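Note sheet for the following structure.
Laboratory data are not the source of any read-out in this text; all were calculated from the coordinates shown. The structure presented is a predicted model; accordingly, all values stated were derived computationally and were not measured. Cβ placement follows ideal geometry from the backbone for every residue including glycine, while neighbour counts extend to all protein chains displayed.
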Amino acid sequence: MPRRRLLYLLAVVAILGQMAFAMVTTAMQQTPTIDEPVYLATAEVYTQQHSLRYNPEHPPLGKLIMAAGLAFGGAHELDPAYPGSQTALGRTLLYESGNNPFRLLMAARLPMILLTLLFGLVVLAFARDVAGPAGGLVALALYAFSPDVIAHGSLATLDVPAAGMLLTAFWLAWRGRKRPYRYLPLAGLALGAALATRASALPAVPLLVLLAAWSMWQAQRARPAEAEVSAPPADAAGTDEPAGVAVADEPRSGPGLRGRLLASAGAAVGTGLIAVAVVWVVYLAVDPHLRWTPPANLPHPGGLKGLAVDWLPFPQAYRDGILMQFKLELKTYNGFLFGHAYKGNLWFYLPAALLIKTPLGMLVLWAVGGLTMIFIPRLRAAALYLLPVSVVLLVIAMTGSRDYGTRYAIFLPMFLAVAAGTVTLIRVRWVQVTTALLVLFVAVSSLRTFPYYLPYSNEAFGGTARTHLNLHDSNVDWGQDLARLSQKLKTDYPGEKVWLIYKGSGVPAYYGIRSSDPYTVAPEQVHGILVVSDSRVALATVRLRALLSTSTEIDQVGYSMTIYRR
């Protein structure tokens, strides 16, 4: 193996190795976040009872992947007649059925960690195709050091798997420009996997099928020219074509305009049909009989939105899950941004949250990479597979009613990492040096927050220790630090009276936290140690504000909880 290739391979292994270490360490230290018990319990119901009745608002694939890990978790059987909600079922599975919560959590989280690492290889391959080996390394580094990707990739949740599968679909569609019959069916499979994980991938479907048609059109146009070439070039470097993509291996006859149009239409339809088939197969894998009872009083939005849902070629459970999401979107939620609490949603919330929680060097490289793809003519074709989907998904996410976190835009650190890799094609020395320094800045910023990736914020906003002053919920405090709190109390405050206001799905007593609820007594009776989840502080009620105003802040836990003395 040539020395340069060996060094490149070692760099890839080192970058992904640090990411794996960061995610595994984070997963081992964090207790359940708010959403995880629901997903774990639903995954167990899938495998034990083959029922779709829990968590229908999200399709099954991500939870089936968790179930593959949970098969080694040794969970006890759940009661098929359990009458409680999915939230209660999650608590029962983890804390009330004789199971080991740590073992079950790790069993469900490890498949997600593995998937996140595999998506890193997709980022690398996509960027190499577009920008060459150096661009691939830059893109991989930005992805692997992204605090948001590390934080959510280490959890048994659905955000990273859905985004990563979408990225894979668009990369395969890009590769379909050269070998459409090999890569476009795979793009359909990846798109179907994304749709079978989260319905929020639906807005990307029109873009992907159009790009599948465009890829086929490009491949068909290239075939006559290829027929004149006896053998493919050994190296694509120095051409306008992406590195790492081989020439087409389909028949060499050059079709006419009608033939190209038919082939392109067939590619679009075929890619879409494969995606639809994947969704059906996933639902049939859970329950071959597709038994499903629609929830009572499920509103139908009517109009074009309702018509679009009715016409979706998916199982009834999938379509009703979308209606349930619409119902959730009708509610009014509490938000918190830049130290101000509010009700409802702000259209600029997600851009602002991303500005706070994305490393500064990464923001610069995203912007420069996007501009590079637009202004360098030979990159514009690749830009079609990266930038429009990023914009469309972000705009749609900005219209959501829940201002809860940057996880709703977790696709950006994936797609824009690939775009950022194109900066290496600017053959100006100071640009290349600056790019290297910015990547180093991102790596240092990410390593400094280890292992507290969930509450990360960049240096312009005070770093991880001050994120709770600007944001709340899954940006900072998702209930993940009960184990750390238990250790902190035993080590630093042994024997003291503890009062706890906790937001999360964990059970404090299970972790040895003996605490009381300060809301059950008069404020003047609350003496000793008061621990409050930072999301509760952000949205403090009148009574909590009164308690905090007469308390002294003395400590913190995991940058997600604050400890006061009264």
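Observations on the structure shown:
- Potential lengthening between S549 and Y510 on full extension [0.36 nm per residue; Cα-Cα distance subtracted]: 11.0 nm
- Take every pair of alpha-carbon atoms less than 8 Å apart whose residues are at least six positions apart; their mean separation over the length of region 6-165 yields a relative contact order of 32 percent.
- Whole-angstrom Cα spans of region 1-136 along principal axes, big to small: 62, 27, 24
- Total charge dipole magnitude, the chain, about the Cα centre, Cβ charges on Lys, Arg, Asp, Glu only, Debye to nearest 20: 920 debye
- Cα centroid separation, region 449-486 to region 107-131 (Å): 25 Å
- Taking every alpha-carbon pair within the chain, the share separated by more than 46 Å comes to 17 percent.
- Exposed GluC sites (Glu not before Pro) absent: longest stretch of the chain, with sites in DSSP loops and at most 10 other Cβ within 10 Å deemed exposed: 229-566
- Mean Cα-pair separation over length for region 385-485, i.e. relative contact order, pairs under 8 Å, 6 or more apart, %: 24 percent
- In region 309-344, the trypsin sites (Lys or Arg not before Pro) that fall in loop regions by DSSP, at most 15 other Cβ within 10 Å: K331
- Neighbour-limited loop hits for trypsin sites (Lys or Arg not before Pro), region 490-535 (at most 16 other Cβ within 10 Å; DSSP other than H, G, I, E, B): K497, R514
- Beta bridges per DSSP, both residues in the chain: antiparallel share near 75 percent.
- Where only DSSP H runs of four or more residues are counted, the chain gives -18500 deg cm²/dmol as its mean residue ellipticity at 222 nm, each run worth -39500 (n - 2.57).
- Linear extension gain, K331 paired with I396, 0.36 nm per residue minus alpha-carbon span: 21.7 nm
- As a length-normalised measure over Cα pairs under 8 Å and 6 or more apart, the relative contact order of the chain settles at 17 percent.
- Crossing angle, helix 316-329 versus the chain [Cα axis fit, 0-90 degrees, rounded to tens]: 60 degrees
- Loop trypsin sites (Lys or Arg not before Pro), region 346-431, which have at most 13 other Cβ atoms in a 10 Å radius of their Cβ (DSSP): R427
- Residues H289 and A71, FRET efficiency given R0 of 22 Å [Cβ-Cβ distance, rounded to 0.05]: 0.50
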